Amino acid sequence: MQNKAFFYHQLLFDQMTLPKSLLLQYKSLGITENEMVVLLHIYRLQLEGNRLPSIQELSTFMSLNEPAIAQVLRKLMKDGFIKIEQFQENEVMHEWYSLEPLWKKLYEKEQVVKQQETEGNLFLLFEQEFGRALSPIEIETINHWIDDDQAKPVLIKAALREAVLMGKLNFRYVDRILNEWNKKGVKSVDDARKVSQSFRTHSNTQQSSAKQQKRDTSVYYNWLEGENE
């Protein structure tokens with residue numbers, strides 16, 4: 001029983017490090033299960049010192065035959081996931097499978113996913129503040145800020161919060177804030193803090209405090225006093 005437990009212990013510690021995002025994103029990258037297993041074996045063998053495993057070597061660990069593995073390798077190279085490169089060692093030129101294209105595609109995919117999540121949260125934040133679903137024109141306006149004006153989502157969020165605190169909850173006012181910040185070269189929330197007071201002072205749309213409807217802003221996050229996200 002102790003020998004079995006020791007074997008399990010050894011089994012658990014005989015591991016290799018693998019990016020979790022590869023397992024989560026390989027399908028969206030267009031990598032099939034067979035291609036994934038070939039990539040994993042190439043990665044494992046390279047960690048063990050075999051930088052250019054042969055088709056015969058790969059076939060010993062897989063249920064695919066050699067012609068099928070050769071076809072998988074050709075497709076991986078054609079799709080830009082691996083490439084054969086040369087390196088010099090002890091004045092001798094060697095070849096190896098470079099997985100750098102795979103890591104690059106994976107990194108770019110991660111950035112796209114994060115950007116989509118950020119933008120999705122941005123649309124959700126607008127809907128929460130407006131208390132309703134956004135109209136197609138309003139969605140197009142937000143996309144225009146992101147794609148055409150190159151406004152950072154964190155600044156769009158800050159402009160929305162400013163509009164909420166000022167009691168000017170409409171897209172025209174948010175757009176005016178973003179335009180004002182753009183003119184003044186605002187690139188971060190910290191920059192926005194520095195010009196915000198000037199913007200409020202010169203805003204001809206701000207109502208006088210005597211006529212302004214009393215508003216409880218305690219439930220809103222005051223981005224001017226928060227941390228730079």
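The values are calculated or read from the model by the stated rules, or taken from the named source; none is laboratory data. A quick note: this is a predicted structure, and the numbers were derived from the prediction, not measured. Positions of Cβ are backbone-derived with ideal geometry, glycine not excepted, and every protein chain shown enters the neighbour counts.
MET166 passes every criterion in (1) over 25 Å from the mean Cα position of the chain (by Cα); (2) among the aliphatic types (A, V, I, L, M); (3) under 30 Å from LEU73 (Cβ atoms) apart from (3).
Is it the case that the range 88-106 has a residue that's touching a helix residue (DSSP H, G or I) at 6+ places or on another chain (Cβ under 8 Å), in contact (Cβ under 8 Å) with a residue 12 or more places away in the chain and loosely packed, with under 15 Cβ neighbours inside 10 Å? Even if it seems obvious, please write down each step before you answer.
Taking the range 88-106 first, the residues touching a helix residue (DSSP H, G or I) at 6+ places or on another chain (Cβ under 8 Å) are 96-97, 99, 102, 106.
Filter once more, keeping what is in contact (Cβ under 8 Å) with a residue 12 or more places away in the chain: 96-97, 99, 102, 106.
Imposing the further condition that a residue be loosely packed, with under 15 Cβ neighbours inside 10 Å reduces the set to none.
For the range 88-106, residues touching a helix residue (DSSP H, G or I) at 6+ places or on another chain (Cβ under 8 Å), in contact (Cβ under 8 Å) with a residue 12 or more places away in the chain and loosely packed, with under 15 Cβ neighbours inside 10 Å: absent.
Count of the range 98-122 residues, restricted to those that are in contact with a Lys or Arg (Cβ under 7 Å, 6 or more places away or on another chain) and not in a helix (DSSP H, G or I), is 1.
Listed here are the residues, each with its yes/no results for (1) at pLDDT 85 or above; (2) under 20 Å from LEU23 (Cβ atoms).
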| residue | (1), (2) |
| --- | --- |
| GLU66 | yes, no |
| ALA70 | yes, no |
| ASP79 | yes, yes |
| HIS94 | yes, no |
| LEU99 | yes, yes |
| LEU102 | yes, yes |
| LEU106 | yes, yes |
| VAL113 | no, yes |
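The lone criterion from (1) part of a loop (DSSP other than H, G, I, E, B); (2) touching a residue at least 60 places away in the same chain (Cβ under 8 Å) left unmet by LEU22 is number (1). Only one of the numbered conditions (1) loosely packed, with under 10 Cβ neighbours inside 10 Å; (2) modelled with pLDDT under 90; (3) over 30 Å from GLN111 (Cβ atoms) is not met by HIS9, and that is (1). Scanning the range 12-35 for residues that are over 17 Å from TYR107 (Cβ atoms) and surrounded by 16 or more Cβ atoms within 10 Å (Cβ to Cβ) returns ASN34, GLU35.
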